[in-house]
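Here is the structure we will look at, set down as structure tokens.
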Amino acid sequence: MTQPSLILVYGDSLVTYDLGPEHPLQPSRYALTVALLKELGWLEPPQVLVEEPQPATLSQLLTVHSYPYVEAVQKAQATARRGQPVPELLLYGLGTPDVPVFKDIHDASALHTGASLQAMQALLEERTLHSYSPAGGMHHALRARASGFCVYNDCAVAIAAALEHGARVAYLDFDAHHGDGVQAAFYEDPRVLTISVHESGQFLFPGTGFTHEVGKGDGMGTCINIPLPPPAGDEAILAAFERVMVPAVTLFAPDVVVTQTGCDTHHSDPLTDLQATLYLYPELASRLHALAHEVCGGRWLILGGGGYDPADVTPRAWTAFIGTVLGYEVEDVVLPERWREASRAAGGDPPVHLLDDVCPAKRADADTSVEEAIAEAERVGLGALRARLP
């Protein structure tokens, strides 16, 4: 039997992670992504195998989260389903505007986590070289606290499974927000290299991810942060990739690469200011594909992430990314009319072509401040890794 180029772990049940109609994080973003990939014919077997996700078990959640925290999430779900007032759970970050309690808060979060874990297991079992969990990328959740729209940290649970398998992991985070939860989970673990390129915590939640955060104890040197000033744009993110991420991952020599591919870096995103264009995402996909094949034989787990234009830009960005991974030409692709109708029904205003975009104006002082940020990441973060692995 021919091995698929990519295993997609996705099912309609993933839309139960619903924080409310007014919340920035909308499940329509990955539902419309998968719908567009299907409409374009890019999910056809045998190249792509689609698997229905299974929820993470308690023992799998406990590889990253504390038992009292998981118990608190389960309690929040039980009380919400009974229509009772939710007990005071602010200690665990639950019941806040960012993470409101909803009736499926545990089950939906466990399913998201299970999907990413299942995608990782497909790599570890050598059933594919690339796997994709579009509903994954919940990188802010901490060991005992929900944060930044995230309840369980699927990224960290998937990485923990790889470590249990004996693999070393390089985690590359492209979300506009710092990947603080994953960094915290492995800050002292020398088997995991975490690299995050993001809008500086001086300007954006969660206020972390500065260059001096380089790991601790046995993990000293295995954490690199590249905080960029707004409006950095495509060239800055690609420069950070080439100058910091590529040499770091090459030096670390992982067995698996994991990417959190948030597209809230786009200039239309309502929560961020990095000012990237749609052309960034297929370009990143191409370069990441080459890097994964160079350093670890192609073993690559692709997760979702942020993206708060859920009916238009986010699905198009992720479709262009995955289409590039699968070897399709994404330039000049015409959006199917049926998908455009679905996008409009969800509140979008899609253009004619997949990559149609309006490039934002560039601020005059951007180049100087960006160069300073990347140079500091090279000196501090990459320098600490080189000192560890000469």
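The values are calculated or read from the model by the stated rules, or taken from the named source; none is laboratory data. Just so it is clear, the structure is predicted and the values come from calculations on it, not from any experiment. Positions of Cβ are generated from backbone atoms using ideal geometry, with glycine treated the same way; all protein chains shown enter the neighbour counts.
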Next on the checklist: Condition first: in contact with a Pro (Cβ under 6 Å, 6 or more places away or on another chain), crowded, with 22+ Cβ neighbours inside 10 Å and more than 21 Å from S116 (Cα to Cα). Now tell me which residues in region 282-332 satisfy that.
Outcome noted: V330
Next on the checklist: Given (1) at pLDDT 95 or above; (2) out of contact with any His (no Cβ under 8 Å at 6 or more places or on another chain); (3) over 18 Å from H289 (Cα atoms), identify the lone condition not met by L204.
Outcome noted: (2)
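Residue-wise test of (1) surrounded by fewer than 19 Cβ atoms within 10 Å (Cβ to Cβ); (2) assigned to a helix (DSSP H, G or I); (3) under 26 Å from the mean Cα position of the chain (by Cα).
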| site | (1), (2), (3) |
| --- | --- |
| A342 | no, yes, yes |
| P360 | yes, no, yes |
| T368 | yes, yes, no |
| E371 | yes, yes, yes |
| L382 | no, yes, yes |
Next on the checklist: I'm told T96 meets every condition in (1) within 14 Å of L19 (Cβ to Cβ); (2) polar (S, T, N, Q); (3) buried (at least 24 other Cβ atoms within 10 Å of the Cβ) except one. Can you identify the failing condition by its number?
Outcome noted: (3)
Checklist entry - Pick from V257, V244, V249: which is among the β-branched types (V, I, T), crowded, with 22+ Cβ neighbours inside 10 Å and either in a strand (DSSP E or B) or modelled with pLDDT under 95 (or both)? => result V257
Checklist entry - Is it fair to say S109 is touching a His at 6+ places or on another chain (Cβ under 7 Å) and either at negative phi or small (G, A, S) (or both)? => result no
Next on the checklist: Of the residues R316, R340, only one is closer than 17 Å to K38 by Cα, without any contact (Cβ under 8 Å) to a residue 60 or more places away in the chain and either touching a helix residue (DSSP H, G or I) at 6+ places or on another chain (Cβ under 6 Å) or among the basic types (K, R) (or both); which?
Outcome noted: R340
Checklist entry - Being small (G, A, S) and within 18 Å of the chain's Cα centre (by Cα), is that true of even one residue in region 241-257? => result no
Next on the checklist: Pairs needed: first member in region 88-99, farther than 10 Å from G148 by Cβ; second member anywhere, of a type in the set (A, V, I, L, M) and in a helix (DSSP H, G or I); C-beta distance under 6 Å; at least 6 residues apart or different chains.
Outcome noted: L89/A72; L89/A76; Y92/A72; L94/A76
Checklist entry - Just one of L301, L280, L382 is of a type outside the set (D, E), within 24 Å of P24 (Cβ to Cβ), in contact (Cβ under 8 Å) with a residue 12 or more places away in the chain and in contact with a helix residue (DSSP H, G or I) (Cβ under 6 Å, 6 or more places away or on another chain); which is it? => result L280
Checklist entry - Counting only residues that are in contact (Cβ under 8 Å) with a residue 60 or more places away in the chain and more than 19 Å from L49 (Cα to Cα), how many does region 112-138 have? => result 1
Next on the checklist: Suppose the filter is surrounded by 15 or more Cβ atoms within 10 Å (Cβ to Cβ) and without any contact (Cβ under 8 Å) to a residue 40 or more places away in the chain; does L43 pass it?
Outcome noted: yes
Next on the checklist: Test of understanding: among A31, A56, A80, which residue is buried (at least 17 other Cβ atoms within 10 Å of the Cβ), without any contact (Cβ under 8 Å) to a residue 24 or more places away in the chain and not in a strand (DSSP E or B)?
Outcome noted: A31
Checklist entry - Hey, among the residues in region 59-75 that are assigned to a loop (DSSP other than H, G, I, E, B) and not small (G, A, S), which one's surrounded by the fewest Cβ atoms within 10 Å (Cβ to Cβ)? => result L62
